[in-house]
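Structure first, then comments.
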Amino acid sequence: MVDYAKMNQLLFEGKHKIVKQMIEDALADGRPVKEVLDDGLIAGMRVVGEDFKHNRIFVPEVLIAARAMKAGMEILRPLLTEREEDHISETIVMGTVKGDLHDIGKNLVGMMSEGAGYTIVDLGTDTSEEEFIAAVKEHKAAILGMSALLTTTMIYMPKVVQAVRQAGVDVKIAVGGAPVTPEFAEEIGADGYAADAASAVTLFKKLCAARESARAD
């Protein structure tokens, strides 16, 4: 019998080797891949996200938990690819904008989002508008996430927004980073702003829901 509560706790503690073994055991017992993902990994990372959001844990603890989550995903990802009928997740393309080489915040958002069940395409740092658009088209992304840590590089964000809109790509745009504000996000025409990784996951859920609603109309 798989003890998902124990797996969640071990993931929270960053016990990546044990988490990986428990996932292997769960699959060997015939548990569905999506069940193992949802109840074993995503549920655990949801607790991590909530604790991080409310300042009960901090970046080092999140990174430790994320390492355990990634260890589990190494096993599940190939199986999820084979069984798309069991798991269809939205894709998020993210990157730090052109001229900016900072990526800690972006990486944290990516790990938290992957832990929430999203497929992440990380373009790294110094990302141009052409690279953003090409990746969104290639991966049919639902969300484009941009990060900037410098006031001198955040001014590149509106260029990306404008280029995406002109390209007619159906994607929601989210922005974040130390100098970025909700007012700036609104001013440049982005669809949303998040102040931290936990808030970013919440924002992504809202944007995906809004995108699906718009498509249905």
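Inside segment 95-152, residues that are closer than 24 Å to Glu212 by Cβ and among the polar types (S, T, N, Q) make up a count of 2.
When you check Thr125 against the structure, is it of a type in the set (Ser, Thr, Tyr) and within 28 Å of Leu37 (Cα to Cα), yes or no? Before you say what the answer is, go through the steps one by one.
Values: of a type in the set (Ser, Thr, Tyr): yes; within 28 Å of Leu37 (Cα to Cα): no.
Spelling it out, it is not the case that Thr125 is of a type in the set (Ser, Thr, Tyr) and within 28 Å of Leu37 (Cα to Cα).
The helices (runs of 4 or more DSSP H) located wholly in segment 103-217 that include 3 or more residues which are within 18 Å of the chain's Cα centre (by Cα) and basic (Lys, Arg) occupy 197-216.
Residue-by-condition table, conditions (1) assigned by TED's automatic domain parsing to the domain that holds Val180; (2) closer than 24 Å to Phe184 by Cα:
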site: Ile57; (1), (2): no, no
site: Met69; (1), (2): no, no
site: Thr96; (1), (2): yes, yes
site: Gly99; (1), (2): yes, yes
site: Asp122; (1), (2): yes, yes
site: Lys137; (1), (2): yes, no
site: Leu144; (1), (2): yes, yes
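Within segment 9-62, the set of residues being touching a residue at least 60 places away in the same chain (Cβ under 8 Å) and over 30 Å from Ala195 (Cα atoms) is empty.
The values are calculated or read from the model by the stated rules, or taken from the named source; none is laboratory data. Bear in mind that the values here come from a model prediction, so they are computed numbers and not experimental data. Heads up, the Cβs are rebuilt from the backbone with ideal geometry, glycines too, and the neighbour counts pull from every protein chain shown.
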